[in-house]
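The values are calculated or read from the model by the stated rules, or taken from the named source; none is laboratory data. Small disclaimer: the values here were computed from a predicted structure and weren't measured. Note that each Cβ is placed from the backbone with ideal geometry, even for glycine, and that neighbours are counted across all protein chains shown.
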Amino acid sequence: MLKTLLFEIGTEEMPAKFMPDILEQLKKLGENKLKEYRIKFNSIKSLGTPRRLVLIAEGVEEKQDAIDQVIKGPAKKIAYDENGQFSKAAQGFMRSQGVTEKDITTDKVGEVEYIFAKKYEEGKDTKAVLVNLLPEVISSLNFSKSMRWRDYSIKFARPIRWLVALFDKDIIGFSIEGASSSNVTRGHRTLSNREIIIDSANKYLEIMADNYIIVDQEERRKIITSQIKELAEAKNGMVVIDEELLEEVIYLVEYPTALIGNFEEEFLALIKEAIITPMKEHQRYFPVLDNAGNLMPHFITVRNGGKESIDIVRQGNERVLRARLKDAQFFYNEDMKEKLETRVEKLKVVVYQEKLGTIYEKVHRIIGLAKFIGKKIGLKEEKINKLSRVGLLCKADLETAMVYEFAELQGVMGREYALKNGEDKEVAEAIYSHYLPRFSGDEIPQDILGQIISISDKMDSIVGSFGIGVQPTGSQDPYGLRRQALGIISILTDSNLNISVNELISNSIELLEDKVTVQPKEIEEQVIGFFKQRLRVILIDKDYRFDIVDAVLENVTLNVKDIIDRVSVIKIARGNGEQSFTELLTVLNRAYNLASKAEKNNTEVKANKFENKYEQKLYEIISKVKIGVAENVERKLYNKAIESLCEMIKPINEFFDNTMIIVENSEIRSNRLAMLVQVKEISNKICDFEKILD
């Protein structure tokens, strides 16, 4: 008979940000543990609220599978000593398998005899196995931040207060760190604050719903989404559903009830972001917009409870938001008393990083790198002057009261104050957009000024950190360098900027001057490797073959768009299974192998040393292809460059078929190897073909 397993870990309120990951862990652990203990089941899922982590497995067998297997041990000649007794090797094997001498047999594998252990173990009752299995699940859960309580040794995100463990109606009895399992859970803190008996695992969700607990997070998601949309529509508006905020709210409540509140229209004089940020980041409210996208004087929040006293709850939330918005209004008015430009001087006392100096110094490095990029891509003087202006003002809003109070508004307030101060619209927009992209998948700056300043800011942070020996290690990346490198790559991929990362790194090192403590050459190598690794991950995630990516990244300058073009062309040629490309890989692989035997810097070919027509023919085609590949690579026509390389396939094959390369005559040998070195150098202008797998 198949049964249902219910396992509930009752805790004090869990941080919402922990929940998605821990529920995923719980499901995987439950699944893996059941398989490890040979317990069959049909399905398994994890559910959770702020106060409980729940695992439900359905269609669970009443007994674990039996063990019936034969395990190969050491060879017979090793398993027995000269007296015919089991050796230490055999005894160790038996101990490891939990068998005795009577379970040992011998048999041949090929011509060699081995000992074998025959193991058979009757499956135990699942209920008895779960007594050990479930505590293992608890101790295996990992949190980004854990705590201990009382004198217990276990570490958990929050103290465990109760445990429910049922196999259908049977209690699975065990204790862990002061909590004993039972069939008793807890209801909602305010609506059903009592002990609740779960008489059957199959009735769990129904019983909990009757006691104001919606255990299934996806059901809560649907309820919340439906309720907040209805409330907004009732005001002829639409709710702005931020998925990250929605995910957080789902794990803040056990019984969601949405309500709509109001705030004074006078606050709408503030920019939209200055209202939405306190709503979302500080109060977990959803803003409401009209059909034109304008903010309405309403907000929606979700309470953890029913509709009782909903007006009192609404009034309380309105009071809290009103205070926040009054603060924002005051800060805004105070900020407007001083121009953005005058705040730049104040950055001289704001430390960016102890060894890298102040933000004021960073601002001037940003300007220097931005001007270098502007000149490199041929911007007119007017645009370069605007770049300098953006660079000067881009961090000035860090010294405003609004950004000090609401850090999420950096860039947003810079743009607002710049416009109010009469700055050029293009300059103001770039002050905001230079912070983009802020995370993976975020938009990139759409304006050329924002793109250049964003790259300059991020590159200065990366090179500066590497320059003082501060690099990301494992999961540690305190300065967000990986995110910033991905931001630069995203901008270079999706914009019209065509500049190599190598040049950006070199110029950034020069601007840092004596701030860095690592040798410039070492910084350059480390940062290039750092960028290549980020780009490699991105390209492989986009379904490009790892060997093609590695082949392109090996020798070329780190120009993101150029690398993507090369990888794309080679992927198409390789993926289409073109016979010529397959043949090209074969001949180049052989040429590369032999070229490795040449003396260093041996590339000079002497025609008077040729002994047959195949050498002459290959030499002539090399001279022709060298020009063709160089021209096509210069024009970034990589498919044409590969076509040029393919012209060498037949001459190289004929050369190999009719010429001994490694001969005793050193001059002849050297001459022939030099031609193959030239073949390698020509093909390397596209990529390192040796790395592409057959």
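Structure above, values below:
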{"quantity": "In the range 224-265, residue surrounded by the most Cβ atoms within 10 Å (Cβ to Cβ) [restricted to those that are in a helix (DSSP H, G or I) and touching a helix residue (DSSP H, G or I) at 6+ places or on another chain (Cβ under 8 Å)]", "calculated": "I250"}
{"quantity": "Single unsatisfied condition, D547 versus (1) within 27 Å of the chain's Cα centre (by Cα); (2) surrounded by fewer than 17 Cβ atoms within 10 Å (Cβ to Cβ); (3) assigned by TED's automatic domain parsing to the domain that holds G368; (4) at pLDDT 90 or above", "calculated": "(3)"}
{"quantity": "Residue ID - farthest from the chain's Cα centre (by Cα), chosen from residues in the range 471-513 that are without any contact (Cβ under 8 Å) to a residue 24 or more places away in the chain and within 16 Å of E524 (Cβ to Cβ)", "calculated": "E513"}
{"quantity": "In the range 472-522, the residues that are outside any helix (DSSP H, G or I) and either at pLDDT below 90 or in contact with a strand residue (DSSP E or B) (Cβ under 9 Å, 6 or more places away or on another chain) (or both)", "calculated": "P472, T473, G474, S475, Q476, D477, P478, Y479, N496, N498"}
{"quantity": "Residue match in the range 644-661 (condition: within 19 Å of A573 (Cβ to Cβ), under 35 Å from the mean Cα position of the chain (by Cα) and not aliphatic (A, V, I, L, M))", "calculated": "no"}
{"quantity": "Criterion: at pLDDT 90 or above and in a loop (DSSP other than H, G, I, E, B) - qualifying residue of R150, R189", "calculated": "R189"}
{"quantity": "All positions within the range 1-22 that are of a type in the set (S, T, N, Q) and touching a Gly at 6+ places or on another chain (Cβ under 9 Å)", "calculated": "T4"}
{"quantity": "Spans of strands (runs of 3 or more DSSP E) in the range 1-111 with at least 1 residues under 27 Å from S181 (Cα atoms) and modelled with pLDDT of 85 or more", "calculated": "3-11, 43-49, 52-60"}
{"quantity": "Residue check for K280: under 36 Å from the mean Cα position of the chain (by Cα), outside the structural domain of L511 (by TED's automatic domain parsing) and either under 27 Å from L392 (Cα atoms) or not polar (S, T, N, Q) (or both)", "calculated": "yes"}
{"quantity": "Residues (within 17 Å of G30 (Cα to Cα), surrounded by fewer than 18 Cβ atoms within 10 Å (Cβ to Cβ) and touching a strand residue (DSSP E or B) at 6+ places or on another chain (Cβ under 9 Å)) located in the range 142-167", "calculated": "F143"}
{"quantity": "From A258, A232, residue being under 27 Å from K326 (Cβ atoms), touching a residue at least 40 places away in the same chain (Cβ under 8 Å) and touching a Leu at 6+ places or on another chain (Cβ under 8 Å)", "calculated": "A258"}
{"quantity": "Conditions (1) surrounded by 15 or more Cβ atoms within 10 Å (Cβ to Cβ); (2) touching a Leu at 6+ places or on another chain (Cβ under 8 Å); (3) within 30 Å of V99 (Cβ to Cβ): number failed by Y204", "calculated": "(3)"}
{"quantity": "I276 being at pLDDT below 95 and either part of a loop (DSSP other than H, G, I, E, B) or of a type in the set (G, A, S) (or both)", "calculated": "no"}
{"quantity": "Residue in the range 386-394 that is within 23 Å of I276 (Cβ to Cβ), surrounded by 15 or more Cβ atoms within 10 Å (Cβ to Cβ) and assigned by TED's automatic domain parsing to the domain that holds E426 present", "calculated": "yes"}
{"quantity": "Filtered residues of the range 330-356 (kept if among the aromatic types (F, W, Y), surrounded by 14 or more Cβ atoms within 10 Å (Cβ to Cβ) and out of contact with any strand residue (DSSP E or B) (no Cβ under 8 Å at 6 or more places or on another chain))", "calculated": "F331, Y332"}
{"quantity": "Candidates I275, I241, I207 - the one that is touching a residue at least 12 places away in the same chain (Cβ under 8 Å), out of contact with any Cys (no Cβ under 7 Å at 6 or more places or on another chain) and within 27 Å of H188 (Cβ to Cβ)", "calculated": "I241"}
{"quantity": "Members of the range 158-186 that are among the charged types (D, E, K, R) and either over 14 Å from I9 (Cα atoms) or not in a strand (DSSP E or B) (or both)", "calculated": "R158, D168, K169, D170, E177"}
{"quantity": "Test: I359 is in contact with a strand residue (DSSP E or B) (Cβ under 6 Å, 6 or more places away or on another chain) and closer than 23 Å to A428 by Cβ", "calculated": "yes"}
{"quantity": "Any pair with Cβ under 7 angstrom, 6 or more apart, that starts in the range 344-365 at a residue that is closer than 14 Å to V463 by Cβ and touching a residue at least 60 places away in the same chain (Cβ under 8 Å) and ends at one that is buried (at least 17 other Cβ atoms within 10 Å of the Cβ) and among the acidic types (D, E)", "calculated": "K362/D460; R365/D460"}
{"quantity": "Residues (over 25 Å from I56 (Cα atoms) and of a type in the set (G, A, S)) located in the range 191-249", "calculated": "S226, A232, A234, G237"}
{"quantity": "Hits in the range 478-498 - residues which are over 27 Å from Y352 (Cα atoms) and among the aliphatic types (A, V, I, L, M)", "calculated": "L497"}
{"quantity": "Count - residues of the range 596-613 that are at pLDDT 90 or above and surrounded by 13 or more Cβ atoms within 10 Å (Cβ to Cβ)", "calculated": "2"}
{"quantity": "In the range 583-610, the residues that are farther than 17 Å from M648 by Cα and either in a loop (DSSP other than H, G, I, E, B) or within 45 Å of the chain's Cα centre (by Cα) (or both)", "calculated": "S596, K597, A598, E599, K600, N601, N602, T603, E604, K606, F610"}
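Condition check ((1) in contact (Cβ under 8 Å) with a residue 60 or more places away in the chain; (2) crowded, with 20+ Cβ neighbours inside 10 Å) across all residues:
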residue: L436; (1), (2): no, no
residue: G441; (1), (2): no, no
residue: I448; (1), (2): yes, yes
residue: Q451; (1), (2): no, yes
